[in-house]
């Protein structure tokens, strides 16, 4: 008869990263169920915006620049997702937009069925781009969270008269130190 392992030796997939991703999945699911997808996305977007500001400040400090160049913005968007175990890559980069693909969501399998979590990406990317370039409009036409095989994130860098109903606009913050 096999000996029963101690509680401390029990084989469980429970560690900090898994716990936090599970927490976010449950929180976003509860919000989606209670207030609906649009409102849940709104709540998550507030958090994403604040995180975008913090991440942007950290990169600008580390790179010793007052403002990121458009090329650096693109590099930062890919790098920050790499650091949190996403697999983002540049599909296209022009003066008008940055198009990114993603083969692996940082939330892992926990993102499935939780499209409100895409607001983290939208707001972090939008805040970083807008605060450095002056404007961003982010749309996510494909998302792993919605069952797509990969994500596609389009960060438009110039305002447009044509409105995409699923896109979110971000405007650079007024900052006297930046001019």
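Bear in mind that the values in this text are calculations on the coordinates, not laboratory data. Given the structure is predicted, the values throughout are model-derived calculations rather than measurements. So basically every Cβ, Gly included, is an ideal-geometry build from the backbone, and we count neighbours across all protein chains shown.
How much length is gained on full extension from residue 146 to residue 89, taking 0.36 nm per residue of separation minus their Cα-Cα distance?
Working it through step by step, the gained length comes to 18.6 nm.
When the helices in the chain are scored as -39500 (n - 2.57) per DSSP H run of 4 or longer and the sum is shared across all residues, what 222 nm value do you end up with, to the nearest 500 deg cm²/dmol?
Helix-only estimate at 222 nm: -14500 deg cm²/dmol.
May I ask you to compute the full-extension gain from residue 97 to residue 7, defined as 0.36 nm times their residue separation minus their alpha-carbon distance, rounded to one decimal in nm?
27.2 nm
Under the 0.36 nm per residue contour assumption, what length would be gained going from the current alpha-carbon distance of residue 17 and residue 50 to full extension?
9.8 nm
For segment 53-98, what class follows from the C-alpha gyration tensor (a ≥ b ≥ c being the square roots of its eigenvalues): rounded when a/c is under 1.5, otherwise prolate if a/b is larger than b/c, else oblate?
oblate
What residues from segment 88-117 fall in the zone where the backbone N is under 18 Å from a label point 7 Å along the Cα-to-C-beta line of residue 161?
Correct set: none at all.
What angle do you read, to the nearest 10 degrees and between 0 and 90, between the alpha-carbon axis of helix 70-83 and the longest principal axis of the chain?
0 degrees
When each pair of different Cα atoms in segment 9-86 is counted once in the 1/r mean, what is the Kirkwood radius in angstroms, to one decimal?
Evaluated on segment 9-86, it is 15.1 Å.
Using the Kirkwood formula over every pair of different C-alpha atoms, what hydrodynamic radius in Å results for the chain?
17.4 Å is the Kirkwood radius here.
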